[in-house]
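The values are calculated or read from the model by the stated rules, or taken from the named source; none is laboratory data. Quick caveat, the model's predicted, so the values are computed rather than measured. Please note: Cβ atoms are built from the backbone with ideal geometry, for glycine as well, and neighbour counts cover all protein chains shown. Only protein heavy atoms, including side chains, enter the accessible area calculation; ligands, DNA and RNA are left aside. Shrake-Rupley method; radii C 1.70, N 1.55, O 1.52, S 1.80 Å.
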Amino acid sequence: AAMAAMHGDLLLLGVAGKMGPSLARRARRACEAAGVSKRIVGVARFSNPGARRQLEDWGVETIAADLLEPEALAALPDFENVVHMAARKFGSSGGSEYLTWAMNCYLPGRVAERFSHSRIVAFSSGNVYPFSLLRQGGPVESTPMAPVGEYGVTALGRERIFEHFSRANGTLVTILRLNYAIDLRYGVLLDVGQKVFDRRPVNLAMGHANVIWQGDANSICLRSFAFAQSPPFVLNLTGPETISIRWVARRFGERFGIEPEFEGEEAETALLNNAARCHRLFGYPTVGVEEMIEWVADWIGMGRATLNKPTHFETRDGKF
Ligand SMILES: NC(=O)c1ccc[n+]([C@@H]2O[C@H](COP(=O)([O-])OP(=O)(O)OC[C@H]3O[C@@H](n4cnc5c(N)ncnc54)[C@H](OP(=O)(O)O)[C@@H]3O)[C@@H](O)[C@H]2O)c1
């Protein structure tokens, strides 16, 4: 229904990462189901050419471009709807911080100017919030932002820059503060499950987290175009429960017949995200935590391929 209601074509910037291919495919399928004809085009450098072939097999057009190259950005066709997901997290400490700033703060300004007449859904992160006490129920959209570490600061910068250009040009923008998407091939649950399976200790320092099935996050991304406004509409995007990492490890342990090993203890605070407003607007996610754990456990048990991209969710110093 979101794709049928969407006026015009859809451009996905940063389509080749962990979320982009499944988002593009969902948009393509939704168009087919609704019987609407729409161009869906994904942009990335395609450092992994396999992602490009797969997208094209699914009926998603692709454009290979380095978005930091001004000519490449200028040469992109106009689109009425743009998802901005090109970003950088890992390697954000240890010498290449400048690139994280360029991707997360400078590029949003370039994109917002290039597509000032489009509706933009821009991914942000729960990392804009401070760690919060478990008993407080997690930050809501109006909680003051206070990121921990340089990556989180650039995520805040991304939001501020989109807000500036949204206000300056009247561009309709939705900002989605996401954490953490769960897929079979990466995510917090895979990280914990693999540790249990490999009999490595599960670190409890960041003892709690919020997670959402990636398909649900992608669905809400597409549906959130309808809420884009100037100044931006901001929405926390995650699942309804605050999961205990200890409990998750035990659930994996039961499925694998392995007693999990732990290291450290839960802190009183964690990087949390309260998405009550999101659930009010879009309903609860379709996939629950138990199901996600079962699917991820089966995936690990069968030895299926992963992206080999740990989330480092246990990090408490904000360095990624
Ligand atoms: N996944 C999560 O759980 C999560 C959590 C919180 C927030 N988010 C946000 O959600 C969005 C999508 O996340 P993700 O996990 O899919 O990100 P990702 O895996 O890091 O993907 C980033 C994408 O950007 C492309 N890219 C990077 N530099 C580029 C450049 N200079 N020009 C063109 N393309 C470039 C990459 O492909 P190439 O290398 O081929 O160019 C890739 O397609 C991001 O904005 C992220 O901040 C995700």
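Values computed for the structure shown
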| read-out | value |
| --- | --- |
| Matching residues in the stretch 171-207 - criterion: being away from the ligand (no atom under 16 Å from the Cβ) and under 20 Å from residue 124 (Cα atoms) | 171, 172 |
| Tally of residues being in a helix (DSSP H, G or I), more than 9 Å from the ligand (Cβ to nearest atom) and either under 26 Å from residue 228 (Cβ atoms) or open to solvent by 50 Å² or more (accessible area, probe 1.4 Å) (or both) across the stretch 50-72 | 7 |
| Within the stretch 250-277, tally of residues that are under 30 Å from residue 233 (Cβ atoms) and outside any strand (DSSP E or B) | 7 |
| So residue 147, is it in contact (Cβ under 8 Å) with a residue 60 or more places away in the chain and surrounded by fewer than 22 Cβ atoms within 10 Å (Cβ to Cβ) | yes |
| Residue check, residue 140 outside the structural domain of residue 280 (by TED's automatic domain parsing), closer than 20 Å to residue 178 by Cβ, modelled with pLDDT of 95 or more and within 16 Å of the ligand (Cβ to nearest atom) | no |
| In the stretch 73-103, residue modelled with the lowest pLDDT [restricted to those that are more than 12 Å from the ligand (Cβ to nearest atom), open to solvent by 40 Å² or more (accessible area, probe 1.4 Å) and not hydrophobic (A, V, I, L, M, F, W, C)] | 93 |
| Answer residue from the stretch 34-47, given it is outside any helix (DSSP H, G or I) and over 24 Å from residue 106 (Cα atoms) and is most open to solvent (accessible area, probe 1.4 Å) among those | 37 |
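Every residue, every condition in (1) buried (at least 17 other Cβ atoms within 10 Å of the Cβ); (2) closer than 30 Å to residue 225 by Cβ; (3) of a type in the set (Ser, Thr, Tyr); (4) under 20 Å from the mean Cα position of the chain (by Cα), yes or no:
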position	(1), (2), (3), (4)
265	no, no, no, no
278	yes, yes, no, yes
281	no, yes, no, yes
284	no, yes, yes, yes
288	no, yes, no, yes
302	no, no, no, no
310	no, no, no, yes
317	no, no, no, no
320	yes, yes, no, yes
